[in-house]
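S.K.: Have a look at the structure that comes next, please.
The values are calculated or read from the model by the stated rules, or taken from the named source; none is laboratory data. Keep in mind that this is a model prediction, so the values were computed, not measured. No Cβ is skipped: glycine too gets one built from the backbone with ideal geometry, and neighbour counts run over all protein chains shown. When the accessible area is computed, the model is the full protein with side chains, heavy atoms only, and any ligands, DNA or RNA have been set aside. Shrake-Rupley method; radii C 1.70, N 1.55, O 1.52, S 1.80 Å.
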Amino acid sequence: MRQVAFHRPSIGPDEEREVLDTLRSGWITTGPKAKRFESEFAEYVGAKHALALSHCTGALHLSLWALGIGPGDEVITTPFTFTATAEILGYLGARPVFVDVDPGTFNINPARIEEALESGANKRVRAILPVHFAGHACDMDRILNIAHTYNLKVVEDAAHAAGSARHMDGRGMAKIGTIGDLTCFSFYATKNFTTAEGGMITTSDDALAEKIAVASLHGMNKDAWKRYDKSGSWYYEIHDMGFKYNLSDVHAAIGLAQLKRADDFMRRRGEIARAYNEAFRSDDALQPAYSEPGIEHAWHLYVLRIRPDRLKLGRNQFVEILRERGVGCSVHCIPLHTMRYYQRMYGYRDGDFPVAEDIFSRCLSLPIYAAMTDEDVAYVIDTVRAITRENRR
Ligand SMILES: Cc1ncc(COP(=O)(O)O)c(C=O)c1O
């Protein structure tokens, strides 16, 4: 039986060469490669500043911290995301105000953001934290308008969205990383391109960039990483509260090689998504993934929904059978408001966000990555269609 893993990173001779070069250079933690990775990523996105960090979780934490969000403050975000998006609010003593998502894109629904602001129930909202779910950019025109009206900051969780873009009013296509006040990316092992573990913040704000650069390495003055180098000085000053969120040169080396291949990876993911959509469109037991017009989708995830009313089995059994037949799959995401921690900490309850819950009850994520062969893609399609055929009501 064929085996198709849920994910396999594309690591080749270029990554090996960059990492070996770093290992042999005598300098393996934050240094010249991390700096080069920052400038090449800034160029890739079209951002003024890019700050390399150890993960997107740290990037989100530092972003909100740099904006001064603290105890008692509120941040509007989506429950249909990985816990990292909202867990960092707990670090700051702030509260996530969850609002429901759009049933097509799975992204935060701007109409629900407005309702949360107009209801009067959330009096200390300081920021909006949209997540570009699966790599489909959120409706940033509407989100920026709301932020402007209510004087809120916008921090984007772009963990899934390196390479994504969307059409913006008066601007044309805008890459994610050039829109909100701060945008946070992930280079975790399964992401569209990887540093094994890693993250990045982009911004056009000079003062925020400076503050984050300093805070990411213990609050030491900028370029303190050079203190062991003959071009640097042993002396450093602590300018601000600090964190240990720097990215090592070993990780950055992988990123430098991956970045050169990022457009090819994204093209291949797009091809796979189109093949899935084409194959599943005609099956009334399936609801293929969706992309709005004016979107360049990074296709970090391919989320397929089943229609349980047309099938004799539910999502969990569907996932189980796929796995038994050699197709690795997963489920993204378990809505945060249904999790014990978020219920205990913030009083959320099952049933609070019916759109997110309906998506969760029917969704599964199929393999989608650049290293998949055409035969892998055909096997996934055939297996999914065989399961619906065998289990039709
Ligand atoms: C939406 C979202 N935000 C944030 C993160 C955190 O990323 P990292 O693992 O780089 O901290 C993830 C990780 O999967 C994610 O899916």
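S.K.: Quick test of your reading of the structure: residue 92 fulfils all but one of (1) within 12 Å of the ligand (Cβ to nearest atom); (2) surrounded by fewer than 22 Cβ atoms within 10 Å (Cβ to Cβ). Name the failing condition by number.
M.R.: So residue 92 meets the others, but not (1).
S.K.: Would region 34-42 turn up any residue that is out of contact with any helix residue (DSSP H, G or I) (no Cβ under 7 Å at 6 or more places or on another chain), assigned to a loop (DSSP other than H, G, I, E, B) and either open to solvent by less than 40 Å² (accessible area, probe 1.4 Å) or modelled with pLDDT of 95 or more (or both)?
M.R.: no
S.K.: Still on this model: Could you please let me know if residue 70 is open to solvent by 20 Å² or more (accessible area, probe 1.4 Å) and either without any contact (Cβ under 8 Å) to a residue 40 or more places away in the chain or assigned by TED's automatic domain parsing to the domain that holds residue 351 (or both)?
M.R.: Here the answer is no, as residue 70 does not meet what is asked.
S.K.: Something else now. Regarding region 270-283, can at least one residue be identified that is surrounded by fewer than 20 Cβ atoms within 10 Å (Cβ to Cβ), within 19 Å of the chain's Cα centre (by Cα) and within 30 Å of residue 328 (Cα to Cα)?
M.R.: yes
S.K.: Does residue 183 fit the bill of being part of a strand (DSSP E or B) and among the β-branched types (Val, Ile, Thr)?
M.R.: So residue 183 fits the description; yes.
S.K.: Among (1) touching a residue at least 24 places away in the same chain (Cβ under 8 Å); (2) touching a Gly at 6+ places or on another chain (Cβ under 6 Å), where does residue 80 come up short?
M.R.: With (1) touching a residue at least 24 places away in the same chain (Cβ under 8 Å); (2) touching a Gly at 6+ places or on another chain (Cβ under 6 Å) applied to residue 80, the lone miss is (2).
S.K.: Still on this structure, I have one more. Working carefully through the options 132, 49, find the one that is under 16 Å from residue 155 (Cα atoms) and within 16 Å of the ligand (Cβ to nearest atom).
M.R.: After applying the criteria, what remains is 132.
S.K.: How many of the residues making up region 166-195 are out of contact with any Lys or Arg (no Cβ under 9 Å at 6 or more places or on another chain), more than 10 Å from the ligand (Cβ to nearest atom) and closer than 15 Å to residue 57 by Cα?
M.R.: 1
S.K.: Need a quick list: helices (runs of 4 or more DSSP H) entirely within region 251-365 having at least 1 residues that are closer than 25 Å to residue 382 by Cβ.
M.R.: 315-324, 354-362
S.K.: Report yes if some residue within region 218-232 is outside any helix (DSSP H, G or I), away from the ligand (no atom under 12 Å from the Cβ), touching a residue at least 40 places away in the same chain (Cβ under 8 Å) and more than 30 Å from residue 367 (Cα to Cα); otherwise report no.
M.R.: Yes, region 218-232 contains a residue that is outside any helix (DSSP H, G or I), away from the ligand (no atom under 12 Å from the Cβ), touching a residue at least 40 places away in the same chain (Cβ under 8 Å) and more than 30 Å from residue 367 (Cα to Cα).
S.K.: Just to be sure I understand the filter: pairs with C-beta atoms under 8 Å, separated by 6 or more residues or on different chains, first member in region 137-166 and farther than 24 Å from residue 41 by Cα, second member within 12 Å of the ligand (Cβ to nearest atom). Which pairs pass?
M.R.: Partner pairs satisfying both residue conditions: 143/108; 143/130.
S.K.: While we're here: With crowded, with 19+ Cβ neighbours inside 10 Å and modelled with pLDDT of 95 or more as the only criterion, which of 376, 382, 352, 358 stands out?
M.R.: Criteria check complete, one pass: 376.
S.K.: Count, please, the residues in region 191-238 that happen to be closer than 18 Å to residue 32 by Cβ and out of contact with any Cys (no Cβ under 9 Å at 6 or more places or on another chain).
M.R.: 17
S.K.: So which of 157, 139 ends up being charged (D, E, K, R) and within 15 Å of the ligand (Cβ to nearest atom)?
M.R.: Criteria check complete, one pass: 157.
S.K.: Does residue 83 fit the bill of being within 16 Å of the ligand (Cβ to nearest atom), open to solvent by 10 Å² or more (accessible area, probe 1.4 Å) and either closer than 26 Å to residue 139 by Cβ or small (Gly, Ala, Ser) (or both)?
M.R.: yes
S.K.: Next up: Of all residues in region 305-333, count the ones that are of a type in the set (Val, Ile, Thr) and open to solvent by 80 Å² or more (accessible area, probe 1.4 Å).
M.R.: Within region 305-333, residues that are of a type in the set (Val, Ile, Thr) and open to solvent by 80 Å² or more (accessible area, probe 1.4 Å) number 0.
S.K.: List pairs: first residue in region 178-204 and not assigned by TED's automatic domain parsing to the domain that holds residue 88 and buried (at least 24 other Cβ atoms within 10 Å of the Cβ), second residue among the polar types (S, T, N, Q) and part of a strand (DSSP E or B) anywhere in the structure, Cβ distance under 9 angstrom, at least six positions apart or on different chains.
M.R.: So the pair list comes out empty.
S.K.: Still on this structure: Mind checking which residues of region 236-262 are in contact with a strand residue (DSSP E or B) (Cβ under 7 Å, 6 or more places away or on another chain), of a type in the set (A, V, I, L, M) and crowded, with 22+ Cβ neighbours inside 10 Å?
M.R.: Selection gives 247, 252, 254.
S.K.: Still on this structure, please answer the following. Please work out which residue is nearest to residue 189 (Cα to Cα), limiting yourself to region 1-33 and to residues that are outside any helix (DSSP H, G or I) and either touching a Leu at 6+ places or on another chain (Cβ under 7 Å) or of a type in the set (Lys, Arg) (or both).
M.R.: 8
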